[in-house]
Amino acid sequence: MWNDAWSMRTAANFLFVAAGLLIVYVLLHHVVRLPVFAIQGIEVRGETQHITREQVQAVLDRELRGNFFTVDLLQAGGAFRKLPWVRQVSVHRVWPDRIEFIVEEHRPIARWDSTALVSSQGEVFEAAINSTLPVFYAPRDEAPVVVARYREFDALLSQIGRRVVQIRVSARRAWQLKLDDGMVIELGRDAIQPRLAGFVEAYGRSIAGLQAAPAYVDLRYPNGFAVRRPVGSVADKV
């Protein structure tokens, strides 16, 4: 090889380029850590109601290490996602010296099993809230279905001035509702929406005419429904 001038020139050129690249790397490694590239501003955007300034500051103090170039955006975003109310977050560098966080909060629609919350997207999450919300009891994998059904039920029942305050879905997928006046409605497993729609349609000429509103309504009959009055009298077939 040492007698081959072309091979020697090639090897020398390769070593020269490698040395040049190493020098450039070392220089860049040094330059990007200079104080001139320190982060001068942090902006947190998004419609947030439950994420506190103290929580945001704690994440920033704990996770933002380095300067504009060296800060680990993936790690910082992951820390934000651990906050109870954060649904998702994206992090961006904004030249020349700012970091931007765009945060989306969960929007709670109900309580879930009295221990968690469920969002309008049908996602169950752990957080605390003082607001009065409906309560859903159901298998966790049914959350998106329960949220969708809740909207349908509430739209139907609003026609008779009632609202859903509780939904129960058994392990066998049987549905039961509790309304804001205390009435419990048994829907069963099949034809749930048609049964409730039929009840709403018949409400004005049946339930509304009773002296006392029923405590319990069973819609699992093919051609009618049964009611139980709060006094405990025998159920009447309507």
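The values are calculated or read from the model by the stated rules, or taken from the named source; none is laboratory data. Not measured: the values here are computed from a predicted model. Please note: Cβ atoms are built from the backbone with ideal geometry, for glycine as well, and neighbour counts cover all protein chains shown. Side chains included, ligands, DNA and RNA excluded: accessible areas come from the protein's heavy atoms. Shrake-Rupley method; radii C 1.70, N 1.55, O 1.52, S 1.80 Å.
From the residues in region 42-62 that are of a type in the set (D, E, K, R), out of contact with any Asp or Glu (no Cβ under 6 Å at 6 or more places or on another chain) and outside any helix (DSSP H, G or I), which one is farthest from Val118 (Cα to Cα)?
Taking the candidates together, the pick is Arg45.
Quickly run through region 187-200 and pick out the residues that are of a type outside the set (Lys, Arg) and over 29 Å from the mean Cα position of the chain (by Cα).
Listed by number, the residues that qualify are Pro194, Ala197, Gly198, Phe199, Val200.
Per-residue answers, yes or no, for (1) among the aliphatic types (A, V, I, L, M); (2) in a helix (DSSP H, G or I); (3) modelled with pLDDT of 95 or more:
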{"residue": "Val89", "(1), (2), (3)": "yes, no, no"}
{"residue": "Arg93", "(1), (2), (3)": "no, no, no"}
{"residue": "Gly122", "(1), (2), (3)": "no, no, yes"}
{"residue": "Asn130", "(1), (2), (3)": "no, no, no"}
{"residue": "Pro144", "(1), (2), (3)": "no, yes, yes"}
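Need the failing condition index for Arg151 against (1) in a helix (DSSP H, G or I); (2) over 17 Å from the mean Cα position of the chain (by Cα), just the number.
The single condition Arg151 does not satisfy is (2).
Please pick out the residue among Trp85, Trp175 that is in contact with a strand residue (DSSP E or B) (Cβ under 7 Å, 6 or more places away or on another chain), within 30 Å of Ala226 (Cβ to Cβ) and in contact (Cβ under 8 Å) with a residue 12 or more places away in the chain.
It is Trp175.
Looking at Ala143, Ala116, can you tell me which residue is open to solvent by less than 20 Å² (accessible area, probe 1.4 Å), within 12 Å of the chain's Cα centre (by Cα) and without any contact (Cβ under 8 Å) to a residue 24 or more places away in the chain?
Residue meeting the stated conditions: Ala116.
Kindly evaluate Arg65 against the criterion of being open to solvent by 60 Å² or more (accessible area, probe 1.4 Å), modelled with pLDDT under 85 and either under 17 Å from Glu47 (Cβ atoms) or not in a strand (DSSP E or B) (or both).
Yes: the conditions hold for Arg65.
Go through region 164-238 and tell me which strands (runs of 3 or more DSSP E), entirely inside it, have 1 or more residues that are open to solvent by less than 70 Å² (accessible area, probe 1.4 Å), at pLDDT below 95 and over 19 Å from Ala148 (Cβ atoms). Show your work before the answer.
Working: elements: 164-169, 175-179, 184-188, 216-221, 224-228.
By residue number, 216-221, 224-228.
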